[in-house]
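Scroll down for the structure; my scribbles are underneath it.
Derivation of every value follows stated rules applied to the coordinates shown; laboratory data play no part. Source: prediction; values computed, not measured. FYI the Cβ positions are ideal-geometry reconstructions off the backbone, even for glycines, and counts take in every protein chain you see.
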């Protein structure tokens, strides 16, 4: 049953306020709503995790999962935090995959543009899936929450990441399905066997962040997943 936090949960799950802040970011006014964003994150974090799970069960409809919905990354830290900090350092101007890849792979080693493009694509798309980035006119920007996430205290950072993961399409669908035994490979029927095997580790890493939560015991769901 949804608690008194219901309106806030609904707004968060539907990206209501974040969408309204994107215009300022695209226009270069990245600090315009910063105090509102911090306050929003604080309020979102105050809502118990169980309320978000209740919302998923009561309001989120079952949807087919496509290959594009499944995480693909090489380094989770790059996908969640470094991409936010590196793009912010250059002013969050709206970047393509190649530029993002070069910001992340800044170790001085020579790579092809194909390698930079692929690395940038994979990691910014994961950030987008979790609400830390968004796409506008073919370019990617760090979102309002993404601009704040690295400035948060560690506990607040863990809490908002947990809630962003729960909001994600793939994860919310897995949680709905894993109330009983769930064969993940069969669930992700849109993926070929080889693609599933490559991305399985990435899914487990994201679910592992939920498993590490000190706010809620996710083992009820996670122990039902057969990888």
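Can you work out the PRE-style zone for residue 38? Point 7 Å along Cα to Cβ, and I want the residues of region 150-192 with backbone N under 13 Å.
Those under the cut-off are 150-153.
Compute and list, largest first, the equivalent-ellipsoid semi-axes of region 82-144 from the alpha carbon gyration tensor, each √(5λ) rounded to a whole angstrom.
Semi-axes from the Cα gyration tensor: 18, 12, 10 Å.
Using Cβ contacts closer than 10 Å as the measure, can you line up 113, 69 from fewest to most?
In increasing order of surrounding Cβ atoms, one gets 113, 69.
Exposure proxy check: 193, 59 ranked by fewest other beta carbons within 10 Å?
Fewest-to-most ranking of 193, 59: 193, 59.
How many angstrom lie between the Cα centre of region 133-175 and the Cα centre of region 176-207?
21 Å
Quick check on region 10-71: take the gyration tensor over C-alpha atoms, sort the square-rooted eigenvalues as a ≥ b ≥ c, and tell me if it's rounded (a/c under 1.5), prolate or oblate.
Verdict is oblate for region 10-71.
Once both labels are modelled 7 Å past Cα along the beta-carbon direction, what's the residue 75-residue 179 spacing in nm?
According to this spin-label approximation, the distance is 4.0 nm.
Work out how far the C-alpha atoms of the chain reach from end to end along every principal axis, then list the three figures in whole Å, largest first.
Principal axes ranked by extent give 46, 44, 30 Å for the Cα atoms.
FRET efficiency for residue 223 and residue 88, Cβ-Cβ distance as r, R0 = 35 Å, nearest 0.05?
Using R0 = 35 Å, I get an efficiency of 0.40.
Could you pull out which residues in region 24-46 have an amide N less than 18 Å from a spot 7 Å beyond the Cα of residue 215, following the Cα-Cβ vector?
37-46, by backbone N distance to the label point.
Where does each of 7, 56 land when they are ranked from fewest to most other beta-carbon atoms within 10 angstrom?
7, 56
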